[in-house]
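These notes are about the structure you will find just below.
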Amino acid sequence: MGQSLGNVSVKQLVQNYRTGDLRIEEVPPPAVRPGGVLVRNAFSLISAGTERSMIELARKSLLEKARSRPDLVRKVLEKARTEGPLVAYQKARERLDAPMPLGYSSAGVVIEVGEGVCDLRVGDSVACAGIGYASHAEVVFVPRNLCVKVPTGTFAASNGGLATHASLRYQAAPLVQPLGLDEAAYTTVGAIALEAVRVSDVRLGEAVVVIGLGLVGLLAVQILKAAGCRVLGLDIDASRCRLAERLGADAATGDMASAVAALSAVFGLPGADAVLVTAASESSQPLLFAGELARDRGRVVVVGSVGTEVPRKLYYEKALEVRMSRSYGPGRYERLYEEKGVEYPIGYVRWTENRNMQAFLQLLAERKVDVRSLTTHRFAICNALDAYALITERREPHVGVLLSYPEGLQLAPKIEVRFATNGKRLARQRLRPQVGLGVIGAGGFARAVLLPALRQIDGVSLRGICSQGGLSARAAAERYGFEYCCSDPRQLFDDPGIDGIVIATRPGSHAALAVSALEAGKKIFVEKPLAVNLEQLRLLAGAARNGGYIFVGFNRRYSPFARHLKSFLGQRRNPLVALYRVSANFLRPDDWQHDIEEGGGRIVGEAAHFVDLLSYLVGTPPESVWARAIGGAPANVFVHENAALTLSFNDGSLATIIYTTQGSARFPKERLEVFFEGATAVIDDFRRLECLREGRRTVHRAWLGHDKGHRAELSTFVETVRSGDPPPVSLRECLLTTLCTLRAVESLRTGELLSVDPTLLAAVEEAGTA
């Protein structure tokens, strides 16, 4: 376990997906980000059905996991075909070993407010939602649209018989007791039940059957009763049937015959108007029951994780309508809504997930839904493993299981990590002067590519690693041998033992972090791109005006295939012609890489690699760029996925980059063809280089996987930091490469051939003359 440098470190419950093991980890507190808040949890709710299934899947063998997720197996096999077995194995292993946070429904108190959040203050009580956000942790970061203010009580008022609360106003009845945070911790699960009721489109007086009386089912029973419906519950657990009746169900039973009889005797109906399937089962039996209990032209709403083989004859003859209820409502799984805070106009989307959360809290505040009767167990976070043993081993009956958290945390800025050191590696390191490194960013690319490469370089002291969430930094620190982990990059900037900093965050943050690192006097390695817009590029150029070491992660020029090709070009005297084809993977429209502010779009975010490699081969950056794309409006970022960029160089050389996502996922990603002076050279996906001249053929191969130069570039970075030499590629050239991609995006919009003019960058000449 880690040792905090403060009085109290943040505890979080995590799971190892490879083994299924659970542990309570000490992690740095998450960093507050724009558009969200930091919350000190008071309670979090274990969603027994959902989390039990996650744990059971993780505890399966690799073969059983493969059978459960054949879609992921196909992706691994495709990657092995296109990138080589070694690369596929490394990426699959990294995914399996990454710690998984558990939990998605909690409540607590705001302790810090991010930029752009105007309606929440420090000290506000809030309910929080979302996997990866409302986790079982002492402190969590939550985007604004995934948290709602908790009513603290209503009070008698003299304003015409109204009772007022900060965000609620309704008729004053008897005084309502303050709403506890233990109750508010149910909000996410309550919103799931509420959305299911909305999807069922029930009306006052209609009869509804709820199949499965777990947490969601029991909450749905109460919401349906509050909406004026008649409700029949169905569950094989007799104790839950009794609880459903205590909470308002008109009847509850454990077998189909009794359910059919109850519909006739209690409701006087041949079938229910709607059936909510809230059970969790791999079988499709619940859908069969739903069809038998529904009336002619009734509605069946699938809420829980069940088999979905619909009995066609039964559903056809009754003309039943099947509806899927998606989590807590509109906005769920939509990045712009959840992460960026883009709200839906109420006139078009009345009930979003946030509004469903608010509505459920109002039902709790008005005492129309009772969750305290659902709480069967409470455990302190330090005893969370006992809580999960209760659930997974089914030691005793349970419904609502809450985890509680201590008050008065004093957050540790960083966590020291103890790790096992490889003795042979340590002995090799002592032979050379140590270069202390810090890393900002512990995402998938850093863990799968950069960190394994850094660990293999002799003479490197891995000091600290930083990530916004804290958990990924802790996992990376343990796995790769860092001395400490943190969530605030200032810890790295202020560390005198750090000589160089590797910036591997999302592109939109590169420029600001690079400027801060330069101001702290650090030498920096920053992943491409340097910036996502011209203003960021100017800011960075200005910050480097008075000197400063910046090494940009344009790795392909360091690949042995690129070096062999450069040598093959030799002392050419005439211009060359090159064609660089990139068959990239298709991304969902809401993927962060399409976000101009965060990812820069795919031309700025990725094409800089290809521009840099061509500049390396030609010997100078391009002087102009002309771009065209297929489909869509020119201003639409998605056209960046299918574009052609034509570059011209001052020696007369021409190169075209074709970037597309239209191809097969099984096709190799990159192919570079170069033609000059009667010779031809082809790099196939950095696994094979073929050079042809005057009838002679030379072939270079990498058998286990491609080599795109990541380790070589990092070794070069470390060596130049150690020696005090300048970076091998001038900042001016890196700035112009990034500028070329920004001008390419502008060319897409205007249709014009645009120059890559260094005067567009204030202070670029002063910044990059070294």
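Odds and ends about this structure:
- Virtual spin-label span in nm between residue 398 and residue 285, 7 Å along Cα→Cβ: 2.4
- Separation between Cα centres of segment 229-249 and segment 467-524, rounded to whole Å: 53
- Per residue, the Cα convex hull of segment 254-407 amounts to 204 Å³.
- Think of each Lys and Arg Cβ as +1 and each Asp and Glu Cβ as -1; about the Cα centre, that makes the dipole of segment 516-663 roughly 760 debye.
- Segment residue 662-residue 755, extension gain: residue separation times 0.36 nm, minus the distance between their alpha carbons: 30.6 nm
- Projecting the Cα atoms of 456, 760, 29 onto the charge dipole of the chain, computed from C-beta unit charges around the Cα centre, puts 456 farthest toward the positive end.
- Solvent-accessible area, 1.4 Å probe, carbon plus sulfur percent, for segment 201-330: 52
- Computed extension gain for residue 746 through residue 644, at 0.36 nm per residue and net of the alpha carbon distance, reaches 35.4 nm.
- Residue 315 - accessible surface, heavy atoms, 1.4 Å probe, Å² rounded to 10: 10
- Translational diffusion coefficient (Stokes-Einstein; Kirkwood radius from C-alpha pairs) of segment 611-697 at 37 °C, 0.692 mPa s, in µm²/s: 221
- All C-alpha pair distances within segment 480-591, sorted into 10 Å bins from zero, spread as 11, 31, 27, 24, 6, 0 percent across the bins.
- Segment 332-398 and segment 646-676 have Cα centres lying 50 Å from one another.
- Whole-Hz couplings from phi, Karplus 6.51/-1.76/1.60, listed for segment 115-123; x for Gly and Pro: 4, x, 9, 10, 9, 10, 10, 4, x
- Helix 85-97 vs. the chain, principal-axis angle (Cα, 0 to 90°, nearest 10): 40
- Amide H contacts of residue 105 (H built 1.01 Å from N, under 5 Å, at least 5 apart or other chain): 45
- Listed residues 466, 502, 609: farthest to the positive end of the dipole of the chain (Cβ charges): 609
- Inter-site label distance for residue 407 and residue 239 at 7 Å from Cα along Cβ, in nm: 3.2
- Applying a DSSP loop filter and a limit of 14 other Cβ atoms within 10 Å to the GluC sites (Glu not before Pro) in segment 293-324 leaves 309.
- Taking every protein chain into account, the accessible area of segment 538-648 amounts to 39 square angstrom per residue (probe 1.4 Å).
- Beta bridges per DSSP with both ends in the chain, % antiparallel, nearest 5: 60
The values are calculated or read from the model by the stated rules, or taken from the named source; none is laboratory data. Small disclaimer: the values here were computed from a predicted structure and weren't measured. With ideal geometry, Cβ positions are generated from the backbone for all residues, glycine too; neighbour counts draw on all protein chains shown. In case anyone asks, the SASA skips ligands and DNA or RNA and just uses the protein heavy atoms, side chains included. Shrake-Rupley method; radii C 1.70, N 1.55, O 1.52, S 1.80 Å.
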